[in-house]
Structures are given as C-alpha cells and as structure tokens.
Amino acid sequence: MELMKLIDCFGSLSCLTTQITSALILGMILFLVASGLSLIFGVLGVLNFAHGALYMLGAYFTYTFLALHGNFGVIAILASIGVGVFGVIFERVFIKRIYTSPLLYQLLLCYAFILILDDLAKLVWGYEFKSIGLPSSFRRPPMKIFGSFVPSYYLLIIILGVTVALILWFFLSKTKFGKIIRATAHSSEMVGALGINVQLVYAGVFALGSFLAGLGGVLAGPVRSIYPGMGASVIIESFIVVVIGGLGSIGGAFIGAILIGLMRSFGIVGFPLIEESFVFILMAIVLILRPRGLFGKKES
C-alpha cells in the first residue's frame with residue numbers, strides 16, 4: 001500500500017514538489033551542520049562529536065534572544081555568532097590540547113562535552129520541550145508552487161542553505177584566507193614556516209565551523225522542537241553526510257545532505273517503517289563503491 005503511495009507521488013507534480021521541498025529543508029539544515037564538521041576535520045584533523053551540541057546551542061540561543069528582541073534576522077546573526085564565540089573558547093581551552101593525541105582522546109573529550117552541554121541546557125532552560133514557532137514576518141499564507149503550498153520560511157531555509165554553500169565555495173577558493181586554510185589542511189608545518197600563525201588559523205576555522213552549526217540550529221528552531229540532547233540525531237546524520245560526500249569536502253557535504261534529504265523525504269512515503277535505514281544503506285553503497293566518499297581525495 002505504501003509503495004503504491006510512493007509510485008503515485010512520482011506521478012503527481014504537487015506531491016513531488018512537497019517531498020522535494022521537505023528534502024531540501026532537511027538537506028540544507030544538515031549541510032550547515034555537516035559543512036562545519038567537515039571543515040574542522042579537514043583542517044584540524046579533529047572529529048568533533050560535540051558539533052551536534054553546538055547545533056543545540058544555536059536553537060536555545062535563538063529561543064532566549066527572541067524573548068529580548070523581536071527581529072528574527074538580528075537574532076539569527078547574534079545566536080550564530082554566539083555559538084561561534086563559544087566554539088573559539090572550546091577550541092582554545094580544550095581542543096588545541098589534543099591535536100596530536102590519539103583519536104580515542106578526541107572522542108572522549110567531545111563526548112564529555114556533549115554530556116556537559118546537555119546537562120547545562122537542562123539546568124538553564126529546563127527538561128521540557130521548547131517551541132519557537134514561525135517568526136512573525138513569515139506568518140503569512142504559504143506560496144503555491146506547482147499545486148503545492150510551501151510556507152515562505154521553508155523557502156528561506158533553502159535559499160540560505162544554497163547561499164551559504166556558494167559563499168563557502170567562494171571564500172575557500174577565491175580569498176586569501178581561504179587559500180591559507182586549504183594550505184593549512186595540506187601542510188600546517190609549511191604554512192607555519194611561511195610566518196603565518198597556524199594557531200590563529202585553527203581558531204578561525206573552528207569558529208567558522210561552530211558558526212555554521214549554530215546557524216543550522218537557528219534555522220531549525222522554528223520548525224523543530226528544542227530540547228536537551230537534540231543534537232544527538234543531527235550529529236549522526238551529519239557524520240553520514242560527511243562520509244558520503246568525502247571527508248573535508250564542502251561540495252561533497254552539500255550533495256550528501258541533499259541525497260539524505262531525498263532518501264528520508266521519499267522513503268517516509270513508500271517505506272515509513274524503515275525509512276531511516278535507507279540513509280545507512282546509501283552510506284554503505286557509497287563506502288563499497290567509493291570508500292573515500294563521492295568527492296573525497298586520495299591520500300598521498
């Protein structure tokens with residue numbers, strides 16, 4: 001019965017528009033989190049399992065700031081910057097001490113901060129689920145696209161996700177600091193020998209990655225419930241995005257996030273009981289056919 005619904009959906013332009021929109025919304029939020037995760041790993045070589053907690057902080061900061069100021073655009077920027085500042089402190093005080101340590105040390109430190117930040121969220125904001133609701137400027141009738149009604153806030157998420165992807169590409173490919181970041185990922189010793197402060201580059205990269213995670217939480221806040229531990233599920237899917245796209249590849253993270261969004265969106269129509277498994281099946285297929293990911297580079 002469900003399979004027939006999926007087949008019927010492919011024959012309906014309205015249904016296709018609805019499911020593709022849902023896929024892009026999920027994909028853009030995942031991309032924002034996964035791109036920061038991929039950037040941090042690509043340059044610093046750190047698997048930041050606490051990245052999901054930064055996503056959670058972005059949502060909670062938005063919830064708190066909205067009570068003080070009504071402009072969602074200002075709040076989104078302030079909350080994302082707040083998470084970025086927290087990321088710099090986290091990197092300078094803790095992460096920098098384990099750059100040369102075994103992977104197990106990185107995982108233990110990051111997991112410890114997941115527990116710490118989740119408990120802090122419970123102490124500050126309580127155990128109950130929080131809800132922001134759509135910003136007042138987006139509380140308007142949805143737009144009709146190909147027979148499907150799409151809320152304007154959903155379009156904002158999609159547009160912002162694509163815009164951030166383009167800005168990241170331009171920043172990393174065309175700007176001086178972006179080239180320094182790519183050079184640092186290739187050989188931090190050589191960059192340091194040229195007189196560039198590598199520690200400052202590390203701090204900047206971690207701040208940017210944290211900012212992106214916070215922005216993902218900011219955009220997810222109005223359409224998802226906010227609760228302690230909400231970063232657990234998104235960090236798992238973000239790691240899958242990074243694995244599918246290729247470690248350290250921003251473009252790969254973008255494509256991987258969209259693929260996962262499509263798998264989840266259409267999978268829930270045809271196979272609602274097992275739709276989450278399709279994400280792992282996709283990851284397994286990619287790892288079998290291309291172990292380094294779709295856009296991952298061979299190690300020299």
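To the nearest 10 degrees, how steeply does helix 250-270 sit against the main Cα axis of the chain, on a 0 to 90 scale?
Taking the Cα atoms of the chain, the angle to 250-270 is about 30 degrees.
Going by Cβ distance under 4.7 Å, what cysteines of the chain have no possible disulfide partner?
Lacking a cysteine Cβ partner under 4.7 Å: Cys110.
How tilted is helix 51-66 with respect to the longest principal axis of the chain? Cα atoms for both, answer in degrees (0 to 90, nearest 10).
So the helix axis and the longest Cα principal axis differ by about 70 degrees.
Set the Förster radius R0 to 22 Å, insert the Cβ-Cβ distance between Phe280 and Leu134 as r into 1/(1 + (r/R0)^6), and round the FRET efficiency to 0.05.
For R0 = 22 Å, the calculated efficiency reads 0.10.
So between Lys174 and Val74, what do we pick up on full extension, going 0.36 nm a residue minus the alpha carbon distance?
33.2 nm
Quick one: Cα centre-to-centre distance for segment 13-43 and segment 221-296, in angstrom?
8 Å
Relative contact order for segment 1-93 using alpha-carbon pairs under 8 Å, separation at least 6, rounded to a whole percent?
After rounding, I find 16 percent.
Where Lys and Arg each count +1 and Asp and Glu each count -1, what net charge lies around Thr62 among other residues with Cβ under 15 Å from its Cβ?
Local charge sum for Thr62: +2.
If we sort 76-88, 208-220, 60-72 on the protection proxy, mean other Cβ atoms within 10 Å, highest first, what's the order?
Final packing ranking: 208-220, 76-88, 60-72.
When the Kirkwood radius is taken over all Cα pairs of the chain, what Stokes-Einstein diffusion coefficient follows at 37 °C and 0.692 mPa s, in µm²/s?
This corresponds to a translational diffusion coefficient of 165 µm²/s.
Please give the Cα centre distance for segment 63-101 versus segment 116-137, rounded to the nearest Å.
After rounding, the separation between the Cα centres reads 15 Å.
Tell me, what is the percent relative contact order of segment 244-285, built from C-alpha pairs under 8 Å that lie six or more residues apart?
27 percent
Report, in degrees rounded to the nearest 10, the 0 to 90 angle that the Cα long axis of helix 72-93 makes with the longest principal axis of the chain.
The answer is roughly 30 degrees.
How high is the relative contact order of the chain, in percent, with contacts defined as C-alpha pairs under 8 Å that are six or more residues apart?
Relative contact order comes out at 39 percent.
Find out how many positive minus negative residues lie around Gly217, taking Lys and Arg as positive, Asp and Glu as negative, among other residues whose Cβ is under 13 Å from that of Gly217.
Result for the neighbourhood of Gly217: +2.
Could you work out how far apart the two model spin labels at Leu287 and Ser233 are, taking each label as a point 7 Å from the Cα in the direction of the beta carbon, and quote it in nm?
In this crude label model, Leu287 to Ser233 measures out at 2.2 nm.
Return Thr175, Thr17 ranked ascending by Cβ neighbour count within 10 Å, so the fewest neighbours appear first.
Thr175, Thr17
Report the full-extension gain for the segment Phe94 to Phe146: residue separation times 0.36 nm, less the Cα-Cα distance, to one decimal in nm.
13.7 nm
Bear in mind that the values in this text are calculations on the coordinates, not laboratory data. Computed from a prediction, not measured in an experiment: that's the story for all the values here. Positions of Cβ are generated from backbone atoms using ideal geometry, with glycine treated the same way; all protein chains shown enter the neighbour counts.
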